[in-house]
Amino acid sequence: MLTHEPDGIARCGWVTSAPDYLRYHDSEWGRRVRGERELFERLMLEAFQSGLSWLTILRKREAFRAAFRDFDPDTVAGFGDADVARLMGDAAIVRNQRKIDATLTNARAVVRLRDTVGLERLIEEHAPAEHSRPGAPDEVVGFSSESTALSKALKRHGFAHVGPTTCYSLFQACGFVNDHAVGCAAGDEIAGE
């Protein structure tokens with residue numbers, strides 16, 4: 001579960017497969033993300049990752065930000081057919097029609113959510129109250145009852161392509177759960193240990 005490469009610091013084992021992962025693990029993954037735009041971006045990147053390697057999305061993140069105008073929900077909600085054609089022609093991002101359409105649909109849903117609960121509060125309301133960090137590979141999960149409930153709530157509010165696994169990945173990436181392996185220095189820092 002842990003690695004001590006390249007500098008002797010204990011980290012989650014998955015970071016050694018690419019330098020991009022090491023930077024992401026140490027500075028971002030599992031740290032609390034706040035704000036509507038920030039959470040919308042992370043949710044959409046997790047949705048684009050579905051069926052692909054996270055490394056693919058991580059390496060294309062700046063291109064995604066440029067293509068989707070920094071994931072500003074109001075701007076993306078106003079995208080039309082010409083924008084979809086532009087996005088489908090952009091080789092710097094993942095060109096998947098369903099995922100692109102879902103991003104536009106979800107931006108519109110984020111805007112509508114402002115009249116009720118708001119995206120950040122909706123996610124917070126479904127985040128686990130308690131969570132144990134994995135100590136062994138068989139303790140790592142891909143979804144939870146909370147991520148399933150969040151998925152259903154998002155879909156009730158008009159979101160698309162946000163299944164339980166995508167929602168659990170959002171919980172992990174944005175610090176709603178600390179899934180750094182037991183003994184990982186970043187996870188210990190996040191937990192205040």
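Every number here is computed from the coordinates shown, using simple stated rules; none is lab data. All figures in this text were calculated on a predicted structure; none of them were measured in a lab. Note that we place each Cβ from the backbone using ideal geometry, even for glycine, and neighbour counts take in every protein chain shown.
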> Label Asp74 and Arg112 with points 7 Å out from Cα along Cα→Cβ: what is the distance between them in nm?
Replying inline: 2.0
> What is the extension gain from Asp20 to Ser53, computed as 0.36 nm multiplied by their sequence separation minus the C-alpha to C-alpha distance, in nm to one decimal?
Replying inline: 10.6 nm
> According to a simple spin-label model (label point 7 Å from Cα along Cα-to-Cβ), what is the distance in nm between Ser145 and Ala160?
Replying inline: 3.2
> When you take every Cα atom in region 1-60, what is the radius of gyration, and what is Dmax, the widest Cα pair distance, in Å?
Replying inline: 12.9, 37
> How would you order 51-63, 177-189 from highest to lowest mean count of nearby Cβ atoms within 10 Å?
Replying inline: 177-189, 51-63
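If contacts are Cα pairs under 8 angstrom and at least 6 residues apart, what is the relative contact order of the chain in percent?
Relative contact order of the chain: 30 percent.
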>> Net charge within 14 Å of Arg34 by Cβ-Cβ distance, Lys/Arg positive one each and Asp/Glu negative one each, not counting Arg34 itself?
In response: -1
> So what J values fall out for region 148-157 if you push phi through Karplus, 6.51 cos²θ - 1.76 cosθ + 1.60 with θ = phi - 60°, rounded to Hz, Gly and Pro as x?
Replying inline: 5, 5, 5, 4, 5, 5, 4, 5, 4, 8
> What Kirkwood hydrodynamic radius do you get for the chain when you take the inverse of the mean 1/r over all pairs of distinct Cα atoms, in Å?
Replying inline: 17.3
> Taking the Cα centre of region 118-184 as origin and charging only Cβ (+1 Lys, Arg; -1 Asp, Glu), how large is the dipole, in debye to the nearest 20?
Replying inline: 300
